[in-house]
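The values are calculated or read from the model by the stated rules, or taken from the named source; none is laboratory data. Here the structure is a predicted model, which is why all the values come from computation and not from measurement. For neighbour counting, all protein chains shown are included, and Cβ atoms are generated from backbone atoms with ideal geometry for every residue, glycine included. Note: accessible area is taken over every heavy atom of the protein model, side chains too, but ligands, DNA and RNA are not part of it. Shrake-Rupley method; radii C 1.70, N 1.55, O 1.52, S 1.80 Å.
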Amino acid sequence: MARHRPTAPSKAPAADPADPAKPAVTIGLIIAICLVAANLRTSLTGVGTLLPEIERGSGLTASWGGLLSTLPLLTFAATSPLVARASHRFGTARLLVAALGTLAVGTVVRSLPSVACLFAGTVILSAAIAFGNVLLPALIRRSVPAHRIQGISALYVTVMGVTAAVSSGISAPLSHSLPGTWHTALGWGVAITVAAFLAWLPRLRGG
């Protein structure tokens, strides 16, 4: 009679030795985190350099232009307290994906040729960014081993600062070189938002 050989146990995902409860940090996770970080300032910093053109093109007074610049901060203050409760109810990863989708919609709405859309889109995308500001650090703490949290956090803060500076620097030149003038310059960041959305979408199962 032939002897039955026991099958070898399947290999589990590699775990970080310093924190066996969490899997090792992958390149895909780092890229996904950086893509979200790139969206947390890009849609906002370009407005300052474009504001004179926006006021001339839309007929806004200086007071309304000041309100447009202040609106993201007001939205942050109103929206941020809601994030914890929504995250507890829907899940952090799901909520982040929803925030990225909302950010894409808000960016497109803001770039439409309408003053009402300019303000409405600003509120929508600012609310989405407020959610991202709170959710991304929470996801890092949950998904990254403890001894790597500081490094990953420093990386995402650096990416956030660099992309904010890039957006501020290229928005005005884009408004002169692309069709649609400042409307197009306000909407170019949607490409980064879609990339972040697609990067996090497969992680909904794990979240």
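Under the condition of being of a type outside the set (S, T, N, Q) and under 27 Å from ALA191 (Cβ atoms), which residue from the stretch 75-92 is most open to solvent (accessible area, probe 1.4 Å)?
PHE90
With the requirement that a residue be part of a loop (DSSP other than H, G, I, E, B) and at pLDDT 55 or above, what does the stretch 1-51 give you?
ALA24, VAL25, THR26
Any idea which residue in the stretch 47-66 is nearest to the chain's Cα centre (by Cα), counting only those that are open to solvent by 50 Å² or more (accessible area, probe 1.4 Å) and in contact (Cβ under 8 Å) with a residue 40 or more places away in the chain?
Here the answer is GLY48.
Within the stretch 93-143, which residues are open to solvent by 60 Å² or more (accessible area, probe 1.4 Å) and not in a helix (DSSP H, G or I)?
Result: LEU112, PRO113.
Given the criteria under 18 Å from GLY28 (Cβ atoms), under 18 Å from the mean Cα position of the chain (by Cα) and open to solvent by less than 70 Å² (accessible area, probe 1.4 Å), does ILE192 qualify?
Here the answer is yes, as ILE192 does meet what is asked.
In the stretch 154-171, which residue that is of a type in the set (Ser, Thr, Tyr) and either at pLDDT 95 or above or under 17 Å from LEU35 (Cα atoms) (or both) is surrounded by the fewest Cβ atoms within 10 Å (Cβ to Cβ)?
Selected residue: THR158.
On the basis of being among the hydrophobic types (A, V, I, L, M, F, W, C), open to solvent by 40 Å² or more (accessible area, probe 1.4 Å) and farther than 24 Å from VAL108 by Cα, does LEU204 make the cut?
Spelling it out, LEU204 is indeed among the hydrophobic types (A, V, I, L, M, F, W, C), open to solvent by 40 Å² or more (accessible area, probe 1.4 Å) and farther than 24 Å from VAL108 by Cα.
Of the conditions (1) open to solvent by less than 60 Å² (accessible area, probe 1.4 Å); (2) without any contact (Cβ under 8 Å) to a residue 24 or more places away in the chain; (3) under 17 Å from THR45 (Cβ atoms), GLY151 satisfies every one except a single condition; which number is it?
Just one mismatch for GLY151, condition (3).
Among the residues of the stretch 98-128, count how many are touching a Lys or Arg at 6+ places or on another chain (Cβ under 8 Å) and under 12 Å from ASN39 (Cβ atoms).
Residues flagged as touching a Lys or Arg at 6+ places or on another chain (Cβ under 8 Å) and under 12 Å from ASN39 (Cβ atoms) within the stretch 98-128 amount to 1.
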